[in-house]
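**Q** Right, I'll just put the structure down here and ask away after.
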Amino acid sequence: MEENFWSRVQQNDGINWKLPPQSVYKLNYDAAIFSDNTNSGFGAVIRNSRGEVMAVMTVKGPAVQCSEEAKLFACHKAMEFATDTDFTELIVEGDNINATRSIVSAKDN
């Protein structure tokens, strides 16, 4: 696996999405908790330097206790998705920097 696979982590400010640099892809992920609290959902999208969608993932998840837990699951699933689809030059971006950093730290160890 390439050295910088997990090294680029950004927090989405929710206002301006920026294109990744040439030859790098951007992985964005998010989570949802359904109102009945019996399930969660996760989604991820990988885009190239022109903003074109290269791959998309959505998955139904387990019941969670809070949004922080849902974001951790979403980030973990997004990283698995990126690995499974062979995208290695990535900027990882989500709206919960703690979730992203904790998953990235676990991957580095």
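The values are calculated or read from the model by the stated rules, or taken from the named source; none is laboratory data. Since we're looking at a predicted model, the values are computed, not measured. Backbone-built Cβ (ideal geometry, glycine too); neighbour counts: all protein chains shown.
**Q** Are any residues in the range 46-90 crowded, with 18+ Cβ neighbours inside 10 Å and either closer than 14 Å to Lys26 by Cα or hydroxyl-bearing (Ser, Thr, Tyr) (or both), and if so, which ones?
**A** Ile46, Arg47, Met57, Cys75, Ala78, Met79, Phe81, Ala82, Phe87, Leu90
**Q** While we're on this one: Out of all the residues in the range 83-100, which are in contact (Cβ under 8 Å) with a residue 60 or more places away in the chain, among the β-branched types (Val, Ile, Thr) and assigned to a loop (DSSP other than H, G, I, E, B)?
**A** Thr88
**Q** Condition (residue is modelled with pLDDT of 85 or more and more than 16 Å from the chain's Cα centre (by Cα)) applied to the range 5-22: is it met by at least one residue?
**A** Yes, the range 5-22 has at least one match.
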